[in-house]
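Data first, discussion second: the structure below is written as structure tokens.
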Amino acid sequence: FAPYVDTSLYPPYDLVATAKATGVKNFNLAFVVSGGGCLPKWGGVSDLSADAVAAQIGALRAAGGDVRVSFGGANGSELALACGSTADLVAAYQKVIDAYGVTRLDFDVEGSAIANTAANTRRVQAIAQLQQNAAAKGKSLDVSFTLPALPSGLTQEGVDLVAGAKAGGVSIGAVNIMAMDFGDGVAPNPQGQMGKYAIAAATATQAQVKSVLGLDDAGAWRKVAVTPMIGVNDVASEVFTVADAKQLADFAATKHLAWLSMWSGTRDRACDGGAKGNADASCSSIVQQPLDFTRTLGAYTG
């Protein structure tokens, strides 16, 4: 389990304090996007050397933890859209790898970006090159793709992206599904059912991954990761509860998923004013104890 942490929020999230309090020591830091042209910046704003969450990576590693850096997300422009050539894109991703010595990258491709075939091709070529470069140095580069999902699994665009990555020579560590914001049409009456819908999405995705990557059942499960949005989702009728988190963690343990995550660490607390009917970047909008979701999902260790 490695929660996503939004590095752009103030006050900055304390990785080390969370690790000490919960035993959860791995985090996905989000998001690096274009800070103008082909320049990587956190949230499009903070220089790689100036981000207050990323500045904690050394201390987290000293405490036995590590991070995965995530590119893309719902806002801003993913670098594959902003960099004009594969060579430029390789250099931009490499800047981030070098800045933090990371061996794990995530590419969150959603919204209009997922249909941009030119950007998808550039991204695949760049990742394949980075993995080849790492291998030449005796190192590995673990790459995950984070994609929108429905209870019926990945969208066709998501399936195509995974197939394109495989065809382009990328070693895919995990296909991480965003089990959130499904919408009433595909996930009716979500109250008390968000855990069930997340499990349905994971199960459908496993079948897709098995087919596209040519894996057996167990191998396909090891490639599936699941990321719910805790508490009140952007689709406000969808509320992912601590009970849903327990259901998902138990399911992950029976199938041996690649990993679990959540959106997001900064939201794993009750809002100061109590429960409310809309999503908030800094709290879950439901009644909970601090770090309830981190502890519950963190029970899954592989």
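Each residue of segment 91-105 was assigned a 3J(HN,Hα) from its phi angle through the Karplus expression (A = 6.51, B = -1.76, C = 1.60, θ = phi - 60°), giving 5, 5, 5, 5, 4, 6, 4, 5, 4, 10, x, 7, 10, 10, 10 Hz with x at Gly and Pro.
Could the peptides 111-121, 145-155 be put in order, highest first, of the mean number of other beta-carbon atoms found within 10 Å of their residues?
Numbers: 111-121: 15.5, 145-155: 21.8.
So the peptides 111-121, 145-155, ranked by packing, come out 145-155, 111-121.
3J(HN,Hα) along segment 117-129, derived from phi through the Karplus expression 6.51 cos²θ - 1.76 cosθ + 1.60 where θ = phi - 60°, amounts to 5, 5, 5, 4, 5, 4, 4, 4, 4, 5, 5, 4, 5 Hz, with x in place of Gly and Pro.
Classify segment 39-138 from the C-alpha gyration tensor, please: rounded if a/c falls under 1.5, else prolate or oblate depending on whether a/b exceeds b/c. Cα axes put segment 39-138 in the oblate bin.
Just name one of MET180, VAL124, PRO148: the one whose Cα is farthest towards the positive end of the charge dipole of segment 116-220 (beta-carbon charges, Lys/Arg +1, Asp/Glu -1). Comparing the listed Cα positions along the dipole, VAL124 ranks first. For a paramagnetic label modelled on THR254 (point 7 Å from Cα along Cα→Cβ), amide N atoms under 13 Å away are absent within segment 145-180.
Counted by neighbouring Cβ atoms within 10 Å, the residues VAL235, VAL162 run from fewest to most as VAL235, VAL162.
For a label point 7 angstrom out from the Cα of ALA87 toward its Cβ, which stretches of segment 23-40 have the backbone nitrogen within less than 20 Å? Under 20 Å, as judged by backbone N against the label point of ALA87, lie 37-40 of segment 23-40. Taking 7 Å steps out from each Cα toward its Cβ at ALA207 and ASP280 produces label points 4.0 nm apart.
Sorting ILE127, ILE230, ILE97, ILE177 from the fewest to the most surrounding beta carbons within 10 angstrom yields ILE97, ILE127, ILE177, ILE230. Here the Karplus relation 6.51 cos²θ - 1.76 cosθ + 1.60, evaluated at θ = phi - 60°, turns the backbone of segment 171-188 into coupling constants of 7, 8, x, 7, 9, 9, 9, 7, 8, 6, 6, 5, x, 5, x, 9, 9, x Hz, with x for every Gly and Pro. Protection proxy ranking for 18-25, 64-71, using the average of other Cβ atoms within 10 Å per residue and placing the highest first: 64-71, 18-25. Anisotropy class assigned to segment 115-261 is prolate, per the alpha carbon gyration tensor with a/c at or over the 1.5 cut-off and a/b larger than b/c. Ranked by the mean number of other Cβ atoms within 10 Å per residue, highest first, peptides 54-62, 286-294, 2-10 order as 2-10, 286-294, 54-62. Helix content alone sets the calculated 222 nm mean residue ellipticity of the chain: runs of n ≥ 4 DSSP H residues at -39500 (n - 2.57) each, divided across all residues, give -11000 deg cm²/dmol. Note: relative contact order over the chain, using C-alpha pairs below 8 Å and six or more positions apart, is 16 percent.
Here, each number is a calculation from the coordinates, and none is a lab measurement. Bear in mind the structure is a predicted one, so any value in this text is a computation, not a measurement. Ideal geometry is used to build each Cβ from the backbone, glycine not excepted, and the neighbour counts take in all protein chains shown.
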